[in-house]
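Peer 1: Handing you this structure, nothing more for now.
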Amino acid sequence: MIVNWLLAVLTAMLLILLYPHFSLPILAPVALTPLLIACAREELWRWRFLLGYVAGVVYWAGLCNWIQWTMEQHAGVSSGVVWFLFALFCLVKAVQMGVFAGLAGPLMRRSYGPPAVAALWVVIEWTHSY
């Protein structure tokens, strides 16, 4: 069970490494693999959702850590409020990764799993703008 949580956090870290500052796009084809393995091993939807949710929180916190500094320095928001808003941002955005993980687990056990999961990821990505 603990291995699944480590796999979820590993996915978040690999996704963070794709973006500027690290710029390792070579990791893109394998970044979701640890989370998908963890979700395929987990039977219960709520645990798969939580694995994805934890990965999402870590991912958004690592990817968008500039938001709290920008709000504090340029918007004049107090430090305590900024951290509350940033945590809220990460918690809300992580729901998308949680839904992805919850739905991807059963798909990974099927013969058509990889293309179905890829399509699911694209659909989840479309929801980020809303």
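Peer 1: Name the residues in region 4-27 that are touching a helix residue (DSSP H, G or I) at 6+ places or on another chain (Cβ under 9 Å) and either assigned to a loop (DSSP other than H, G, I, E, B) or open to solvent by 70 Å² or more (accessible area, probe 1.4 Å) (or both), would you?
Peer 2: Of everything in region 4-27, those that are touching a helix residue (DSSP H, G or I) at 6+ places or on another chain (Cβ under 9 Å) and either assigned to a loop (DSSP other than H, G, I, E, B) or open to solvent by 70 Å² or more (accessible area, probe 1.4 Å) (or both) turn out to be Leu6, Leu10, Met13, Leu17, Leu18, Tyr19, Phe22, Leu24.
Peer 1: For Gln68, work out the one condition from (1) in a loop (DSSP other than H, G, I, E, B); (2) modelled with pLDDT under 95; (3) open to solvent by less than 50 Å² (accessible area, probe 1.4 Å) it doesn't fulfil.
Peer 2: Only one criterion in (1) in a loop (DSSP other than H, G, I, E, B); (2) modelled with pLDDT under 95; (3) open to solvent by less than 50 Å² (accessible area, probe 1.4 Å) is unmet by Gln68, namely (1).
Peer 1: For region 92-117, give me the residue count where each residue is within 15 Å of the chain's Cα centre (by Cα) and within 20 Å of Cys39 (Cα to Cα). Outline the logic, then answer.
Peer 2: Going through region 92-117, the residues within 15 Å of the chain's Cα centre (by Cα) turn out to be 92-105, 117.
Now restrict to residues that are within 20 Å of Cys39 (Cα to Cα): 93-105, 117.
Qualifying residue count, region 92-117: 14.
Peer 1: If you don't mind, there's one more thing I want to ask. Please find, among Ala101, Ala31, the residue that is within 20 Å of Leu18 (Cβ to Cβ), modelled with pLDDT of 95 or more and not in a helix (DSSP H, G or I). Even if it seems obvious, please write down each step before you answer.
Peer 2: On the way: Ala101 fails: not in a helix (DSSP H, G or I).
So the residue among Ala101, Ala31 that is within 20 Å of Leu18 (Cβ to Cβ), modelled with pLDDT of 95 or more and not in a helix (DSSP H, G or I) is Ala31.
Peer 1: Among (1) modelled with pLDDT under 95; (2) open to solvent by 30 Å² or more (accessible area, probe 1.4 Å), which single condition is Ala119 missing?
Peer 2: Condition (1) is where Ala119 drops out.
Peer 1: When the residues of region 34-65 are narrowed to those that are over 21 Å from Gly113 (Cβ atoms) and outside any helix (DSSP H, G or I), which ends up least open to solvent (accessible area, probe 1.4 Å)?
Peer 2: Residue satisfying both the conditions and the ranking: Cys64.
Peer 1: Just to be sure, is Ile124 under 13 Å from the mean Cα position of the chain (by Cα), modelled with pLDDT under 95 and open to solvent by less than 80 Å² (accessible area, probe 1.4 Å)?
Peer 2: Yes, satisfied.
Peer 1: Quick one: would you say Leu91 is surrounded by 17 or more Cβ atoms within 10 Å (Cβ to Cβ) and part of a helix (DSSP H, G or I)?
Peer 2: On the way: surrounded by 17 or more Cβ atoms within 10 Å (Cβ to Cβ): no; part of a helix (DSSP H, G or I): yes.
No: the conditions fail for Leu91.
The values are calculated or read from the model by the stated rules, or taken from the named source; none is laboratory data. On a predicted model such as this, the values are computed, not experimentally measured, just so you know. Virtual Cβ from ideal backbone geometry, glycine too; neighbours counted across all protein chains shown. These area figures cover heavy atoms from the full protein model, side chains too; ligands, DNA and RNA do not enter into them. Shrake-Rupley method; radii C 1.70, N 1.55, O 1.52, S 1.80 Å.
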